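*Asks:* Handing you a structure now.
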Amino acid sequence: MPAVEELSAKDVGAHPLLVFLQSQPKRALSRLYQRPSSCLCIFRLLGPLERQIVMNVLWLDASIPASTMSSWVVREGKKQYDQALIELSRIDVLVNSATELTLSATFKASLRQAITGGGSTGSFGVPLSGDSEHPTPTIATLDTYALEKWESILHYMVSSGTGLPSTKPSAGVEFLLERSGLMAKARETSSQITSSGFQFLLHTPHDQLWALLLQYLEMSEERKTDIVEVISFLFMLSTMELGKEYSVDTLTKAQEHMLSDLRDYGLVWQRKATPQRFSPTRLATTLTSSLPPLPTATGTGGAGSDSKGEGFIILETNYRIYAYTDNPLQTAVLNLFVTLKSRFPNLVVGSITRDSVKRALMNGITADQIISYLTTHAHPQMRKNKPLIPVTVQDQIRLWELEKNRVKSDEGYLYTSFASLADYEYVLKHGRELGVILWESAAKRCFFTSVEGHASIRLFIERLGQNQQNNRS
């Protein structure tokens, strides 16, 4: 995603989807706000202060003077209040002028309808009742399906390139993982996890899911798919009721096409590939809420990524690791930087070795990421230690990383064969001023410049040669 300049919503902890909406044209936002479910979901994603501002003006028929609203703000909160107004205006929720404040008419009408009910837009989906031929799936069935789908994606990420068995996801999921930079082609036919991918595994399942969905939105834009239809369908799913089936008949062609993709991610359950009904899983219904997206939030922590203090790793000062888990995903993640030696029904034993860390570093995983993972998933018993991770282990992991980084390569151009020392020093001085000199040797009268500085240095030398020739004549 493109970076947002100045003090952006991302800087103040806003949901990444709100940052994405800031890049959309006002016409697209206006279409999106015609759906009550979309306005309700956006309201959920706003910060507490932004929600308070929206509720203060939602039921007003006329605009409110900006001075009146500002008078309700304490002096210490003035900066946060001003920033909240900016963020609301960036996504076209608030019409912010110097003298008065009001919600955009479309957003106000739709949010009112979402709260009070009524209307026949089908914005929240059309539920269907089950029958003997089409029994409604149980919540347990949906949870099991979502858990298997999501963990299979994560397990594929950590297992690829290691030789461990894993179920290969669909071509669409694999392409999205590579496009997101979470995996990269190691050989012509195989992919392996990247440094960004390992950092992705440290996040909560909710953050992981939105990271992939944002990439899906950007990919939809590139394919010229109607982005409003894509976003509104995600919002529709997040407002549906878990354990119910909904009709496909009210969906647009773009939204029907999305069903196959969302099945691969575990957001939607269907009996067959082309049925006339579908059920959202917990992954979908919690997209815009604070509830855990899985019955036991998995991530790489298996059943504990979201629960602070629930770790499973014990690390000793002799680099020996005891992992109290029977989760194959957690075991696969450990295998990325640990030499596993023994496996029991609920325990995995291994050691952090130079070779295992070197293997992780070669795959793009950094020392800080390894230490962060061990810290995040430390067993409650280990949390009594200060420091949590033994200093000797931390230092050694970083030293092994320094061994790998002793030699650094840079692309550039080597300049040699200067006619005189004066010419060499004159050109070298110009290169230093530009900040493009990577290496120099006065004894050999040569220096090495970056790729970016090559054109400037070459032009400078050509001008120097012309000047010298003119002086001779």
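*Asks:* Just wondering, is there one or more residues in the range 279-287 that are at pLDDT below 90, within 27 Å of the chain's Cα centre (by Cα) and under 21 Å from residue 149 (Cα atoms)? Walk me through how you get there before you give the answer.
*Replies:* As a first pass, look at the range 279-287 and keep what is at pLDDT below 90: none.
No, the conditions are met nowhere in the range 279-287.
*Asks:* Here's something else I'd like to know. Considering 256, 222, 241, which residue is within 20 Å of the chain's Cα centre (by Cα) and surrounded by fewer than 16 Cβ atoms within 10 Å (Cβ to Cβ)? Talk me through it step by step, then tell me what you get.
*Replies:* Numbers: 256 fails: within 20 Å of the chain's Cα centre (by Cα); 241 fails: within 20 Å of the chain's Cα centre (by Cα).
Just one listed residue meets the conditions, 222.
*Asks:* Step by step: first the residues of the range 101-144, then only those that are within 30 Å of residue 59 (Cβ to Cβ), open to solvent by 70 Å² or more (accessible area, probe 1.4 Å) and out of contact with any helix residue (DSSP H, G or I) (no Cβ under 7 Å at 6 or more places or on another chain), then the one that is modelled with the lowest pLDDT. Which residue is that?
*Replies:* Only one residue fits best here, namely 120.
*Asks:* Of all strands (runs of 3 or more DSSP E) completely enclosed by the range 319-395, which ones contain at least 1 residues that are modelled with pLDDT of 90 or more and open to solvent by 50 Å² or more (accessible area, probe 1.4 Å)? Break it down into steps so the answer makes sense when it comes.
*Replies:* Values: elements: 320-323, 339-344, 347-351.
Answer list for the range 319-395: 320-323, 339-344.
*Asks:* Looking at (1) more than 24 Å from residue 16 (Cβ to Cβ); (2) outside the structural domain of residue 150 (by TED's automatic domain parsing), which one does residue 290 not meet, given that it meets all the others?
*Replies:* Here residue 290 meets the rest and fails (1).
*Asks:* Do you know which of the residues in the range 88-98 that are outside any helix (DSSP H, G or I) and in contact with a strand residue (DSSP E or B) (Cβ under 7 Å, 6 or more places away or on another chain) is surrounded by the fewest Cβ atoms within 10 Å (Cβ to Cβ)? Outline the logic, then answer.
*Replies:* Step one: of the range 88-98, the residues outside any helix (DSSP H, G or I) are 91-98.
If we keep only those that are in contact with a strand residue (DSSP E or B) (Cβ under 7 Å, 6 or more places away or on another chain) too, we end up with 93-95.
Working: 93: 26, 94: 22, 95: 17.
My answer is 95.
*Asks:* Next up: Taking the criterion of being at negative phi and assigned to a loop (DSSP other than H, G, I, E, B), would at least one residue in the range 138-150 satisfy it? Spell out the reasoning first.
*Replies:* Here is the first cut: in the range 138-150, the ones at negative phi are 138-150.
Subset that is assigned to a loop (DSSP other than H, G, I, E, B): 138.
Looking through the range 138-150, at least one residue is at negative phi and assigned to a loop (DSSP other than H, G, I, E, B).
*Asks:* Let me spell it out: the conditions are (1) β-branched (Val, Ile, Thr); (2) surrounded by 15 or more Cβ atoms within 10 Å (Cβ to Cβ); (3) over 27 Å from residue 335 (Cβ atoms), and residue 451 meets all of them except one. Which number is the exception?
*Replies:* Result: residue 451 fails condition (2) only.
*Asks:* Another question about this same structure. Any chance the range 464-472 includes a residue that's open to solvent by 100 Å² or more (accessible area, probe 1.4 Å), among the charged types (D, E, K, R) and not in a helix (DSSP H, G or I)?
*Replies:* Checked against the condition, which is being open to solvent by 100 Å² or more (accessible area, probe 1.4 Å), among the charged types (D, E, K, R) and not in a helix (DSSP H, G or I), the range 464-472 yields no hits at all.
*Asks:* Answer yes or no: is there a residue in the range 33-48 that is among the aromatic types (Phe, Trp, Tyr), without any contact (Cβ under 8 Å) to a residue 40 or more places away in the chain and either open to solvent by less than 80 Å² (accessible area, probe 1.4 Å) or part of a helix (DSSP H, G or I) (or both).
*Replies:* Restricting attention to the range 33-48, the residues satisfying the condition of being among the aromatic types (Phe, Trp, Tyr) are 33, 43.
Those still in the list that are without any contact (Cβ under 8 Å) to a residue 40 or more places away in the chain too: none.
No: the range 33-48 contains no residue that is among the aromatic types (Phe, Trp, Tyr), without any contact (Cβ under 8 Å) to a residue 40 or more places away in the chain and either open to solvent by less than 80 Å² (accessible area, probe 1.4 Å) or part of a helix (DSSP H, G or I) (or both).
*Asks:* Give the residue, chosen from 17, 85, that is touching a strand residue (DSSP E or B) at 6+ places or on another chain (Cβ under 9 Å), surrounded by 12 or more Cβ atoms within 10 Å (Cβ to Cβ) and at pLDDT 90 or above.
*Replies:* Details: 17 fails: touching a strand residue (DSSP E or B) at 6+ places or on another chain (Cβ under 9 Å).
Matching residue, one of 17, 85: 85.
*Asks:* Could you grab the pairs with beta carbons closer than 6 Å, sequence gap of 6+ or different chains, first residue in the range 79-98 and in contact (Cβ under 8 Å) with a residue 24 or more places away in the chain and charged (D, E, K, R), second one part of a helix (DSSP H, G or I) and surrounded by fewer than 16 Cβ atoms within 10 Å (Cβ to Cβ)?
*Replies:* The qualifying pairs are 92/26.
*Asks:* Hey, another quick one. Can residue 402 be described as of a type outside the set (S, T, N, Q), open to solvent by 80 Å² or more (accessible area, probe 1.4 Å), in a helix (DSSP H, G or I) and touching a helix residue (DSSP H, G or I) at 6+ places or on another chain (Cβ under 9 Å)? I'd like the intermediate steps shown before the answer.
*Replies:* Numbers: of a type outside the set (S, T, N, Q): yes; open to solvent by 80 Å² or more (accessible area, probe 1.4 Å): yes; in a helix (DSSP H, G or I): yes; touching a helix residue (DSSP H, G or I) at 6+ places or on another chain (Cβ under 9 Å): yes.
In short, yes.
The values are calculated or read from the model by the stated rules, or taken from the named source; none is laboratory data. Just so you know, these numbers come straight off a predicted model, no measurement behind them. Using ideal geometry, Cβ is built from the backbone for each residue, glycine included, and neighbour counts are taken over all protein chains shown. Keep in mind that these areas ignore ligands, DNA and RNA; they rest on the heavy atoms of the full protein, side chains included. Shrake-Rupley method; radii C 1.70, N 1.55, O 1.52, S 1.80 Å.
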